[in-house]
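Each remark here refers to the structure printed beneath this line.
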2 protein chains.
Amino acid sequence: MGYCRLMAVDRDHVLRSAADLLTRKATATMDEVARAAGISRATLHRQFAGRDALVRALEAHGIAACGAALDAARTEEGTAADAVRRLVAAIEPHAGLLAFLYTENQLFEGEEQNAGWTELDERVAALFRRGQESGEFRLDLTPAWLTEALYGLLASGAWAVSEGRLARNDLTHMIVELLLGGALRRETS
Amino acid sequence: MGYCRLMAVDRDHVLRSAADLLTRKATATMDEVARAAGISRATLHRQFAGRDALVRALEAHGIAACGAALDAARTEEGTAADAVRRLVAAIEPHAGLLAFLYTENQLFEGEEQNAGWTELDERVAALFRRGQESGEFRLDLTPAWLTEALYGLLASGAWAVSEGRLARNDLTHMIVELLLGGALRRETS
DNA sequence: CCCATGTGAGACAGTGATGTCTCATCCGGG
DNA sequence: CCCGGATGAGACATCACTGTCTCACATGGG
């Protein structure tokens, strides 16, 4: 019947519009999410058991997108700086979703977080560590902090864009240049 | 009677513990806030008409703290880079509160934000602009973006500290060095 | 000592969101 | 043509939080 394929398509569409809306208004209601997706609350509830399930699906989606971005950026190849540039360029389209998930994780204390994040953190940190070992990056900023800073700048950038304080086209450049400018070892004056 | 002074002291104590708690768990209940402050929900409600009033009081507190930090940092004196160092050092103690307020502002769409923020934004941006005009800072990163990035790094840093991924003592250094490393014009190679 | 003030404990209704349900409708395939 | 599956609309109970209230207590000053 292929109804599975159709449901998957719808599911993706719902996830996409939910990400869009929740980026702008993190406290959006299930009803608002449904309306934003052009479906009824009942149908939304048929596809996602509840708000938790929706958020967890968004989380899985975001983790997958980050993983794909890390793959696409080929973080093992070339200079670490160029790899960071490719990585930010690849992740930037999902900055809004990331910003939502980033704060959502801060919203609750304790509450074990999805293990996928740990792995992503490790892959990103490994990139910064490689840059340190190759002599490109400063040693006084830890890979863990640079990773955290990358998330923070992505989130700040996404919000600045959504509030019109920053041009979407400049987002990648602004993030990369600020991050790398700090992470790159400065010429020994 | 002096009961005004006493109430003010209690109020500050409540604000402080509320800031502490809300930094870790932004969705904390009025009951949790009260318990964290060691008072009953009734008393909390007597001091702050409601959750909105509490958040707005925290916002005013945060704005005042930032304003004081800007004053204390004497952002008009010396090199812009040193001024940024002083500013971050002065603001860092309030990073947790700032992180809470920063996301709280993103939580709702529309909802005019407190005018105090605009003024603070302007003062911070002016500092970065001064650095650009004096030739210290790069011109391709706009003052508005640098301002936003400062907030983002403060928030990221505060969370990283509260989750044990970053030592509190390193916070200022990590933020300043990453931010300035990017904002400082690099030596013409 | 007595009283006033501030407080804690708890009851209470109101509110908004959630999750579940039913039912009418629509649409595509047999 | 008819029927099964999916949908939208809406009713409904539930739940957590809020904001308001009352009452008992205890603490400190007159």
Under unit Cβ charges (Lys, Arg +1; Asp, Glu -1), what dipole magnitude, rounded to 20 debye, does the protein assembly as shown have relative to its Cα centre? 480 debye
Non-local amide H neighbours of B:F137 (under 5 Å, H modeled in plane, Pro and chain starts lacking H): which ones? B:Q132, B:R185
Length gain on complete extension for the stretch A:R46 to A:R165, per 0.36 nm per residue less the alpha carbon to alpha carbon distance? 39.0 nm
Give the shape of region B:109-166 as rounded, prolate or oblate, defined through the alpha-carbon gyration tensor: a ≥ b ≥ c are the square roots of its eigenvalues, a/c under 1.5 means rounded, and otherwise the shape is prolate if a/b is larger than b/c and oblate if not. oblate
Proxy reagent accessibility, fewest Cβ within 10 Å first, across B:H94, B:H13, A:H45: B:H13, A:H45, B:H94
Pseudo-spin-label distance B:D82 to A:E122, built 7 Å along Cα→Cβ, given in nm, is 4.6 nm
Most exposed first, judged by fewest Cβ atoms within 10 angstrom, B:M174, A:M30 run A:M30, B:M174
Could you give the angle, 0 to 90 degrees to the nearest 10, between helix A:115-133's Cα long axis and the longest principal axis of the Cα atoms of chain A? 20 degrees
To the nearest 20 debye, what charge dipole does region A:52-183 have about its Cα centre, counting +1 at the Cβ of each Lys and Arg and -1 at the Cβ of each Asp and Glu? 440 debye
What is the percent of Cα-Cα separations in region A:52-183 that go past 27 Å? 17 percent
Helix B:143-162: inclination vs chain B longest Cα principal axis, degrees, rounded to 10, gives 50 degrees
Mind giving me the nanometre distance, one decimal, between the label points for B:N105 and A:N114, set 7 Å out from Cα along Cα→Cβ? 2.8 nm
Give me the three principal axis extents of the protein assembly as shown from the C-alpha atoms, as integers in angstrom, largest value leading. 77, 64, 33
If each Cα of region A:1-115 is one equal point scatterer, what is log10 of I(q)/I(0) from the Debye formula at q = 0.16, 0.23 Å⁻¹? -0.81, -1.27
For region A:68-168, calculate the relative contact order in percent as a whole number, restricting contacts to Cα pairs under 8 Å that are 6 or more residues apart. 33 percent
Per-residue mean of C-beta atoms belonging to partner chains within 10 Å, peptide A:58-70: 0
Along the charge dipole of the protein assembly as shown, pointing to its positive end and built from +1/-1 on Cβ of Lys, Arg, Asp and Glu, which listed residue (A:G131, B:V124, B:A57) has its Cα farthest out? B:A57
Which is the longest part of chain A that has none of the GluC sites (Glu not before Pro) sitting in a DSSP loop with at most 15 other Cβ atoms within 10 Å? A:1-75
Per residue of B:19-28, what is the mean number of Cβ atoms on other protein chains within 10 angstrom of that residue's Cβ? 3
Shielding of B:159-170 by partners, i.e. mean partner chain Cβ atoms within 10 Å per residue? 3
I need two numbers for region B:20-64: Rg to one decimal and Dmax as a whole number, Cα atoms only, in Å. 10.1, 27
Rounded to the nearest 10 degrees, the helix B:51-72 long axis (Cα) sits at an angle to the longest Cα principal axis of chain B of 40 degrees
Only helices counted: for chain A, with every DSSP H run of 4 or more residues adding -39500 (n - 2.57) and the sum spread over all residues, [θ] at 222 nm is -23500 deg cm²/dmol
Most exposed to least, judged by fewest other Cβ atoms within 10 Å, B:D52, B:D20 sort to B:D52, B:D20
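A short reminder: the numbers here are calculations on the coordinates, not readings from a lab. As the structure is a prediction and not an experimental result, all values here were calculated from the model. Positions of Cβ are generated from backbone atoms using ideal geometry, with glycine treated the same way; all protein chains shown enter the neighbour counts.
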